[in-house]
1. Among the residues of segment 213-220, is there at least one that is out of contact with any strand residue (DSSP E or B) (no Cβ under 7 Å at 6 or more places or on another chain) and under 18 Å from Leu345 (Cβ atoms)?
2. For the subset of segment 372-400 comprising residues that are part of a loop (DSSP other than H, G, I, E, B) and touching a residue at least 60 places away in the same chain (Cβ under 8 Å), which member is farthest from the chain's Cα centre (by Cα)?
3. Within segment 200-214, is even one residue of a type in the set (D, E, K, R) and either within 20 Å of Tyr309 (Cα to Cα) or not in a loop (DSSP other than H, G, I, E, B) (or both)?
4. Counting just the residues of segment 108-147 that are in a loop (DSSP other than H, G, I, E, B) and acidic (Asp, Glu), which one comes out farthest from the chain's Cα centre (by Cα)?
5. Evaluate segment 232-248: report whether one residue or more is in contact with an Asp or Glu (Cβ under 6 Å, 6 or more places away or on another chain), open to solvent by 10 Å² or more (accessible area, probe 1.4 Å), hydrophobic (A, V, I, L, M, F, W, C) and over 27 Å from Ala350 (Cα atoms).
6. Can you work out which of the residues in segment 486-513 that are in contact with a Phe, Trp or Tyr (Cβ under 9 Å, 6 or more places away or on another chain) and farther than 22 Å from Gln177 by Cα is most open to solvent (accessible area, probe 1.4 Å)?
7. So Gly507 ticks every box in (1) touching a residue at least 24 places away in the same chain (Cβ under 8 Å); (2) in a helix (DSSP H, G or I) but one. Which box is left unticked?
8. Assess whether Asp81 counts as being open to solvent by 20 Å² or more (accessible area, probe 1.4 Å), part of a strand (DSSP E or B) and not hydroxyl-bearing (Ser, Thr, Tyr).
Amino acid sequence: MAAPLGPFCDGLPLARPHHDGSERYVSSPCPALGDTVSLWVRAPSGSARRVWVRWVRDGEPCFREARIDRRGPAETWWRVDLEVTNPVTPYRFLLWDEERPCWLTAEGVVPWDVPDATDFRLVTFDPPPAWVADAVFYQVVPDRFASSGAARTWPSWARPARWEDPVERGGRAAMTQLYGGDLMGIEERVDHLEGLGVNALYLTPFFPAESNHRYNASTFDRVDPFLGGDEALARLVRALHARGIRVIGDLTLNHCGSTHEWFLRAQADPGSVEAAFFHRRKEGWAYWLGVVTLPKFDHRSPELRRRLYDGPDSVAARWLRPPFDLDGWRIDVANMTGRFGEVDLTREVARTVRRTIREVKPDAYLVAEHAHDASSDLLGDGWDGTMSYAGFTRPLWCWLAGPGARQVDFLGRPAGVPRLPGWAAARTIDLFRSAVPWRSWVHSLTLLGSHDTARWRTVAGSRERALVGFGVLLTFPGVPCLLYGDEVGLEGVDNEDARRPMPWDPGRWDLTTYQVVRDLVRLRRDRPALRHGGFRWVHTGDDTLAYLRESREERLLVLAARAPHEPVRIPALALGLRGGAQHLAGGPDLRPGGDGTVALPSDGPALHVWELP
């Protein structure tokens, strides 16, 4: 028989104590060394007789008792002040009642001792840029988004394709098929971005390379002339900035292309300085994952670091200055950058890149590609965040996937996408969320798909389930990122098929999807709680997920359902709901019943959002 979990751990999530890293619970989410930070815990009234904070100072656990800050009809708020004496300060709360004590950690409430790995954390490193929390990103692959039709000479390696041609899949043909999208074409479609409501663009590589994806750069010194060259990038960024749209580029620090000028010199002269830029094995040069077009950088070389990302003359710095004026970088293969056998310089690389770009542009954003557990790389002194494949994309796929999703690539894992209940998706999210500081979590990109995955519409299997996913994406903590074409229902079963050209004929669009996504983007940008609020589960069932987003200004309740279900009933007092709550998406308005509960709608697939008083 399972052991009882204790007084706080069973039942409705709202009946459990809560704390997170948002502004309602932490007086200063970005403190400096020596600051005193106030922390708040909310607990069901009468459930905790005493509360202590346990924090680690100079490696030693310390305790301080909290005091009651205020009482309400359903809950009591406790407050404790904490001095920040270390760059990273782990902390958790001890709650005492007559039955047994419980720990409140970032993962949740447990009645047994736990390691420090899931403690809350205060970090004193310079914070991520303020604009990122308000951003909705849109990812563009230059070759596949829009073509200006400008006359140019096609590369000798390319297989030219018309915009309507099907995408090649598998082998070299998939890498060399070139549709002719360019930076001027993106500039001509800025109205589309503005109309959708996005305010940040993530642009995949623009450096010259012998592939359509351009992750095998032949130089970092110029923009591919086929895309329009340096002036086209400078003009595009100026046009986007004029509309209030930020732009980040895509930089590969893990490898370059085998045609890169540095690698060609290294091959030609083993005694050259460039020969130290690359890892070698006994049998020859080392390549990323054995792909012989992608030689792997050796970050032990001071000259490689100087040229690539260390200092004002580096590649990472140059493109952030005028006339290009990028607003930051997404770092490709960040999880493997600096790691090779016994060498592990990843965190040093991240810290150095961060220092370099912040000296050039203090509000530059630095986000890492990372497809699994990134907790060891996200302490807050390097990458501002990561791409949340493990802590968002995977659990949402597993919960909302349609019957055909077993045939799509599950981010490299064999056997297709499993179908899991909502509570399992929530548990997965909690585990990954609790492993990193709050500000690293909320400044990471949340996404339903990217140029490296199957298309979200194909995974979801229907418009209705896809729209639920968009609703979660745009109401969840983190920085939402849409892949070009998702807003019009573009499909694809794997990463190559997903890179279909953007259809610009509205007759080929799913206009319902476009309108709903546009409205959800507007909702996010209009509502402070969706951009800066905390996060608290209200209900996690098989077919339903309900959660609160709460800021100082407002409180929002979100219900996502993948199918019709039994009505979810929530005590009105636990929601702080005395009268009604107005719906912002879905509907109808909420009203407490005679039994003191609120019955949430039972339709599905569906997404509902309400503003609570």
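The values are calculated or read from the model by the stated rules, or taken from the named source; none is laboratory data. If you're wondering where the values come from, they're calculated on a predicted model, not measured in any experiment. All Cβ positions, even for glycine, are placed from backbone atoms using ideal geometry, and neighbour counts span all protein chains on display. Ligands, DNA and RNA are excluded from the accessible area calculation, which covers all protein heavy atoms including side chains. Shrake-Rupley method; radii C 1.70, N 1.55, O 1.52, S 1.80 Å.
1. Filtering segment 213-220 down to residues out of contact with any strand residue (DSSP E or B) (no Cβ under 7 Å at 6 or more places or on another chain) leaves 213-214, 219-220.
Remaining after also requiring under 18 Å from Leu345 (Cβ atoms): none.
There is no residue in segment 213-220 that is out of contact with any strand residue (DSSP E or B) (no Cβ under 7 Å at 6 or more places or on another chain) and under 18 Å from Leu345 (Cβ atoms).
2. So in segment 372-400, the residues part of a loop (DSSP other than H, G, I, E, B) come out as 372-374, 378-384, 388.
Among the residues that remain, those that are also touching a residue at least 60 places away in the same chain (Cβ under 8 Å) are: 373-374, 378-381, 384, 388.
On the way: Asp373: 13, Ala374: 12, Leu378: 12, Leu379: 15, Gly380: 15, Asp381: 17, Asp384: 10, Ser388: 4 Å.
The selected residue is Asp381.
3. Narrowing segment 200-214 to residues of a type in the set (D, E, K, R): 210, 214.
Then drop every residue that is not either within 20 Å of Tyr309 (Cα to Cα) or not in a loop (DSSP other than H, G, I, E, B) (or both), which leaves 214.
The answer is yes, given that some residue of segment 200-214 is of a type in the set (D, E, K, R) and either within 20 Å of Tyr309 (Cα to Cα) or not in a loop (DSSP other than H, G, I, E, B) (or both).
4. The initial filter retains those residues of segment 108-147 that are in a loop (DSSP other than H, G, I, E, B), namely 111-115, 119, 124-129, 135-136, 141, 146-147.
Of the ones still in play, those that are also acidic (Asp, Glu) are 113, 119, 126.
Details: Asp113: 31, Asp119: 21, Asp126: 19 Å.
So the residue we want is Asp113.
5. Keep residues of segment 232-248 that are in contact with an Asp or Glu (Cβ under 6 Å, 6 or more places away or on another chain), which gives 236-237, 239, 243, 246-248.
Narrowing further to those that are open to solvent by 10 Å² or more (accessible area, probe 1.4 Å): 239, 243, 246.
Cutting the leftovers down to hydrophobic (A, V, I, L, M, F, W, C) gives us 239.
Checking which are over 27 Å from Ala350 (Cα atoms) leaves us with 239.
Checked against the condition, which is being in contact with an Asp or Glu (Cβ under 6 Å, 6 or more places away or on another chain), open to solvent by 10 Å² or more (accessible area, probe 1.4 Å), hydrophobic (A, V, I, L, M, F, W, C) and over 27 Å from Ala350 (Cα atoms), segment 232-248 yields at least one hit.
6. Top of the filtered list is Pro506.
7. Here Gly507 clears every test but (1).
8. Numbers: open to solvent by 20 Å² or more (accessible area, probe 1.4 Å): yes; part of a strand (DSSP E or B): yes; not hydroxyl-bearing (Ser, Thr, Tyr): yes.
Yes; evaluated as a whole, the condition is true for this residue.
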